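Throughout, read-outs are computed from the coordinates displayed, never taken from laboratory work. Keep in mind that this is a model prediction, so the values were computed, not measured. Quick reminder, even Gly has a Cβ in these numbers, built from the backbone with ideal geometry, and neighbours come from all protein chains shown.
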């Protein structure tokens, strides 16, 4: 298997957990050097898993998108906030059955796949993700349900999403609006919460201290990695970092993933012993 890297200050690297938007691609445009680096890591045997706050795609959607960029991965290599939200509802609210969803078809599917009824009639929970067809009526239903006691769950707090030409509002923008209207704080399942990171780490089977968390946003990606006790890398190809003295800074900052190298793992490494 593989470990890395070329810099003397890098920790031993047994695995990678990485964000997608702003790290591997921007909208529908690949970040070419990142695709090349992940391909090199894959060829070297370095395992990785992608974690995305974007609830508008299924793991299969992400697999097809990456294949279009020349990187072949399996659905198990992708953890989405939609799937994580459904799993969290089932764990945290075992008796809950009816949910109102503001989001993409992939978020609706994730709820249905765990046996939840997606409805606007007396919902017991409101689940909000990115919805590019958002309407005032959807917001009204959500606000009314929450004020009547429905649980309030958000896939992620991302305010901005990188696109090929700039940025667009993220799910966090509308979640924040509903939170302001209801004065109810949502349960967030995506980054900066560590739920997806823990799932990805379990899938990789690598040691916590030698699994890099790579992201482009300090307030979500890096904080999630820190809460999961992983070494963190901020790559400056996505959303511009915002200065916030209350946030824990990344361990490393790179302008390209090419700055993280790989080399063969020493014989008897922990990853090899588990293989």
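Can you tell me the orientation of helix 59-68 relative to the chain, as the angle in degrees between its alpha-carbon axis and the longest Cα principal axis, to the nearest 10?
That works out to roughly 50 degrees.
Expressed as an acute angle from 0 to 90° and rounded to the nearest 10, what is the orientation of the C-alpha long axis of helix 136-147 relative to the principal long axis of the chain?
80 degrees
Using a 7 Å offset from the Cα along the Cα-to-Cβ direction at both residue 135 and residue 173, what is the distance between the two label points in nm, to one decimal?
In this crude spin-label approximation the distance works out to 2.0 nm.
Using a 7 Å offset from Cα along Cα-Cβ at residue 9, what residues in segment 203-220 end up with backbone N under 20 Å from the label point?
So the set is 209-219.
Length gain on complete extension for the stretch residue 61 to residue 185, per 0.36 nm per residue less the alpha carbon to alpha carbon distance?
Full extension of this stretch gives 41.6 nm more.
Multiply the residue gap between residue 144 and residue 40 by 0.36 nm, knock off their C-alpha separation, and tell me the result in nm, one decimal place.
Between residue 144 and residue 40, full extension yields an extra 32.4 nm.
Run the helix sum for the chain: -39,500 (n - 2.57) per DSSP H stretch of 4+ residues, divided by residue count, reported at 222 nm to the nearest 500 deg cm²/dmol.
Here the helix-only value at 222 nm equals -9500 deg cm²/dmol.
Angle between the Cα long axis of helix 171-182 and the longest principal axis of the chain, 0 to 90 degrees, nearest 10?
40 degrees
Share of antiparallel DSSP beta bridges in segment 82-188, in percent to the nearest 5?
20 percent
Over the chain, what is the percentage of antiparallel beta bridges among all DSSP beta bridges, to the nearest 5?
For the chain, the DSSP antiparallel bridge percentage is about 20.
Run the numbers on the chain and let me know its relative contact order in percent, using alpha-carbon pairs under 8 Å that are six or more apart.
Dividing the mean separation by the residue count of the chain yields 23 percent.
Treat the count of other C-beta atoms within 10 Å as a stand-in for reagent exposure and order 97, 128, 196 from fewest to most.
Final ranking by Cβ density, sparse to dense: 97, 196, 128.
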